[in-house]
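Before any comments, here is the structure.
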Amino acid sequence: MPASLASFPATLTATVDDRVVTLTLAVSNPSKAPTRIAFTTSQRAAFTISDARTGALYWSSAEGMSFAQTVGQETIPARGSLEYSATWRAPGPGDYVADGALASASHSARAMTTVTVR
């Protein structure tokens with residue numbers, strides 16, 4: 001994302017249930033006013049999973065996906081947040097790094113977390 005985009009704080013959480021990893025990106029608006037976020041496609045967030053040791057990319061939420069080429073918007077309430085989720089099935093036990101980013105044309109938000117699959 002270009003540096004000129006306004007940035008929101010974000011957190012990324014991961015829950016693991018029988019090798020199914022659910023990622024949730026929470027994008028927060030700390031201001032006292034609601035903020036409208038613009039999107040150029042139907043995609044709202046992008047997630048990736050990489051090997052924690054080697055950095056090798058295991059999965060991208062956008063891989064193999066087609067997103068409608070339609071302009072959209074969402075509003076984050078004042079001092080509120082929006083959440084975006086995706087799921088991934090881990091190929092086996094291991095330590096991974098998850099990355100989640102807002103797919104917006106007007107604002108940026110990004111967070112990372114580690115994921116351990118047993």
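The values are calculated or read from the model by the stated rules, or taken from the named source; none is laboratory data. Remember, predicted model here, so these are calculated numbers, not experimental data. Every residue, glycine as well, gets a Cβ built from its backbone with ideal geometry; the counts of neighbours run over all protein chains shown.
Points to keep in mind about this one:
- Restricting the search to strands (runs of 3 or more DSSP E) fully inside the range 1-100 and requiring at least 2 residues that are in contact (Cβ under 8 Å) with a residue 24 or more places away in the chain and buried (at least 17 other Cβ atoms within 10 Å of the Cβ) gives 10-17, 20-28, 35-39, 45-51, 81-89.
- Residues satisfying the stated conditions in the range 21-57, i.e. closer than 11 Å to residue 98 by Cα and modelled with pLDDT under 95: none
- Answer residue from the range 60-92, given it is within 16 Å of the chain's Cα centre (by Cα) and of a type in the set (Ser, Thr, Tyr) and is modelled with the lowest pLDDT among those: 61
- Residue 95 in contact with a Ser or Thr (Cβ under 6 Å, 6 or more places away or on another chain), within 15 Å of residue 112 (Cα to Cα) and modelled with pLDDT of 95 or more: yes
- Count of residues meeting criterion [over 12 Å from residue 11 (Cα atoms), assigned to a loop (DSSP other than H, G, I, E, B) and modelled with pLDDT of 95 or more] in the range 106-118: 1
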